[in-house]
Amino acid sequence: MPMLNINDIENLTGLSEADAEANIKRYGFNELPSSKKKSILNIIFEVLKEPMFLLLVACGSIYLFLGDVQEAIMLLSFVFVIMGITVYQENKTEKALDALRDLSSPRALVIRDGQQKVVAGKFIVKDDIIILKEGDRIPADAILLWGLNLCVDESVLTGESVPVRKLPLQENYENTRQHPGGDDLPFLYSSCLVVQGQGVARVTGT
């Protein structure tokens, strides 16, 4: 799609909902890949296989066999403490990963069937037309079709704290792969923050 002018924006229809659903089936959701969530039983089973856990159980059993009940109870109590700490830490890790997935998949304003609508970032698909404004987090890699004083903070990718200025797509850029950073380029990257201006972009990858 060539560079747009301000009059073209009102005529954009974007993808249809059917096309968006087809792209989701083809490319998958716009989110970080995740493994199957561990259940409490799975976590406990993993703890049971730990060498330290087996050592404590063995030592506790030996003390119990020798008649030293107090030492046996103390060692076996450590078993439950270790199990409790491990379950807590695993559950905390799962929540942190869920939060990270939510952060990498923000809500976005798209044009579909000729209408502007807000969708969850995970439902953004390749070739979606997205509308960006100051304060938005870019939901997926995209290429700028129209922009007005658009500046983006790409520090999450480059480490540079100074925002970069974005200019709309030129024909000779269409098939050129570029790295993040640098002014006057049309390339936008997932999770970067729009700090100034507004723009319309086409999603190139999720």
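Suppose every Lys and Arg Cβ carries +1 and every Asp and Glu Cβ carries -1, with no other charges. What dipole size does the chain come out with about its Cα centre, to the nearest 20 debye?
400 debye
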- Message: With n ≥ 4 as the cut-off for DSSP H runs, can you work out [θ] at 222 nm for the chain, using -39500 (n - 2.57) per run divided by the number of residues, rounded to the nearest 500?
- Response: -12000 deg cm²/dmol
- Highest mean first, what order results for 16-28, 154-166 on Cβ atoms within 10 Å? 154-166, 16-28
- Item | For the chain: lysine pairs under 21 Å (alpha-carbon distance), excluding those fewer than 8 apart on one chain | 22
- If the chain between L157 and K133 were fully extended at 0.36 nm per residue, the gain over the current Cα-Cα distance would be 6.6 nm
- How many nm is it between the label spots at D113 and I82, if each spot is 7 Å from the Cα in line with the beta carbon? 5.8 nm
- Kindly rank 73-86, 182-195 from highest to lowest mean number of other beta carbons found within 10 Å of each residue. 182-195, 73-86
- Which helices, counted as full DSSP H runs in the chain, have an axial Cα extent of no less than 18 Å and a Kyte-Doolittle average of 1.0 or above? 51-66
- Task: Please find the FRET efficiency linking H179 to Y27, where r is the Cβ-Cβ separation and R0 is fixed at 30 Å, and quote it to the nearest 0.05.
- Result: 0.85
- The FRET efficiency for E71 and L97, from their Cβ-Cβ distance with R0 = 45 Å and rounded to 0.05, is 0.70
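Values quoted throughout were computed directly from the atomic coordinates according to the rules given, and no laboratory measurement underlies them. Keep in mind it's a predicted model, so treat the numbers as computed, not measured. Reconstructed Cβ throughout: ideal geometry from the backbone, glycine too, with neighbour counts over all protein chains shown.
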